[in-house]
């Protein structure tokens, strides 16, 4: 069922009051993920009389901001679709002894299971990735053609892409050539490409020379007009803002977002222009995005753990996972399905091409990108990056001041999280 924003409080309260035998599932969707899950829930109910599955569809902001508060208070749904994989891990329920075949779970989701575990020594099963995502850029091909500017090749650098999009912006009278999502997660891919390790030899967050280089580049691009200031400069604090709306409206020639936007672009762009996904641009160290995705996780707040495990078994089996992947047009995290390949039968040509670009791009992801995604406290650097870099962009601080404050914020956030 769809939950409107003004009914969120009611939805959250209901999620914490599920009865035995009833499963409350808190879900957000980039496209039709919750709709497809609701269809599967009906089939599960038919095969499991006495069990009721309620899908509460909420905005991503609710998952990101309100769910953690609710869980900290000892309340919450039975299952949730989350992206703060490690940060919320202390609230996850281990269902390894409740699922039908834990070996199948290990075989098909073993590569990403560590992202959900509270510690490296833990071997529990807490959920599974509903899909694998990857950050990366989209380009307005029509604008490039109108400007008579060739698309840079697959190994082009960020500097080359900035130069090309500036040419397009000038020729087509755009306000700026490029925009990135206002997100520390999106920023991390280029930072790693510029040499950022993000984690030191001891596995602790570090603000190194590569990360600082990326900050300097990014701020300079905003100052010289290469970047659309409205996205990062239009909000305060660490508030998330995506760049795809600007792209859809034809205000920029290129955006850095991710594979989860494919369905949205197909729907919202329509026949306005031709768009393509392109490989992640390179820095001196790599040509990397960040892997990730949303996970279905079981939660300790559940009063129906057996039913939760049964439903998780149901939606994670290859047939149902394959249906979900095909209908939602995502990259599969299920290893068995990934090997066989997914038929995106009803995908439009642009969607199918974009899925191919992102799917093949997984092989180019830097090792540091996987380590960053799996690090439990990665938000300790992501959130202050947004806050402090924005302050440098809008002139509230110098770049050096922003970097010093970011470093202090990062260290304090880890200290608070580990208390």
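Of note:
- Members of segment 233-260 found to be modelled with pLDDT under 95 and in a helix (DSSP H, G or I), listed by number: 259, 260
- Qualifying position, being touching a strand residue (DSSP E or B) at 6+ places or on another chain (Cβ under 9 Å), modelled with pLDDT under 95 and surrounded by 15 or more Cβ atoms within 10 Å (Cβ to Cβ), among 57, 37, 83, 51: 83
- Filter result for the condition that a residue is part of a loop (DSSP other than H, G, I, E, B) and either more than 24 Å from residue 358 (Cα to Cα) or more than 20 Å from the chain's Cα centre (by Cα) (or both), over 289, 210, 203: 203
- Beta carbons closer than 8 Å, at least 6 apart along the sequence or on distinct chains, pair a first residue in segment 49-76 that is on the phi > 0 side of the Ramachandran plot and without any contact (Cβ under 8 Å) to a residue 40 or more places away in the chain with a second that is outside any strand (DSSP E or B) and surrounded by fewer than 17 Cβ atoms within 10 Å (Cβ to Cβ) for 50/21.
- Some residue of segment 176-189 being in contact (Cβ under 8 Å) with a residue 60 or more places away in the chain, in a helix (DSSP H, G or I) and under 24 Å from residue 144 (Cβ atoms): yes
- Filter result for the condition that a residue is part of a helix (DSSP H, G or I), in contact with a strand residue (DSSP E or B) (Cβ under 6 Å, 6 or more places away or on another chain), outside the structural domain of residue 380 (by TED's automatic domain parsing) and modelled with pLDDT under 95, over 18, 11, 107: 11
- Selection status of residue 278, assigned by TED's automatic domain parsing to the domain that holds residue 172, surrounded by fewer than 22 Cβ atoms within 10 Å (Cβ to Cβ) and touching a residue at least 12 places away in the same chain (Cβ under 8 Å): yes
- Inspection of segment 234-249 identifies no residue that is in contact (Cβ under 8 Å) with a residue 60 or more places away in the chain, farther than 20 Å from residue 360 by Cα and over 21 Å from the mean Cα position of the chain (by Cα).
- Looking at segment 321-419, the helices (runs of 4 or more DSSP H) lying wholly inside it that each contain 1 or more residues that are out of contact with any helix residue (DSSP H, G or I) (no Cβ under 6 Å at 6 or more places or on another chain) and over 21 Å from residue 189 (Cβ atoms) sit at 335-340, 349-361, 399-417.
- Qualifying residue in segment 203-222 (condition: over 20 Å from residue 406 (Cα atoms) and either surrounded by fewer than 21 Cβ atoms within 10 Å (Cβ to Cβ) or touching a helix residue (DSSP H, G or I) at 6+ places or on another chain (Cβ under 7 Å) (or both)): no
The values are calculated or read from the model by the stated rules, or taken from the named source; none is laboratory data. Owing to the predicted nature of the structure, the values given are computational and were not obtained by experimental measurement. Cβ atoms come from the backbone with ideal geometry, glycine included; neighbour counts cover every protein chain shown.
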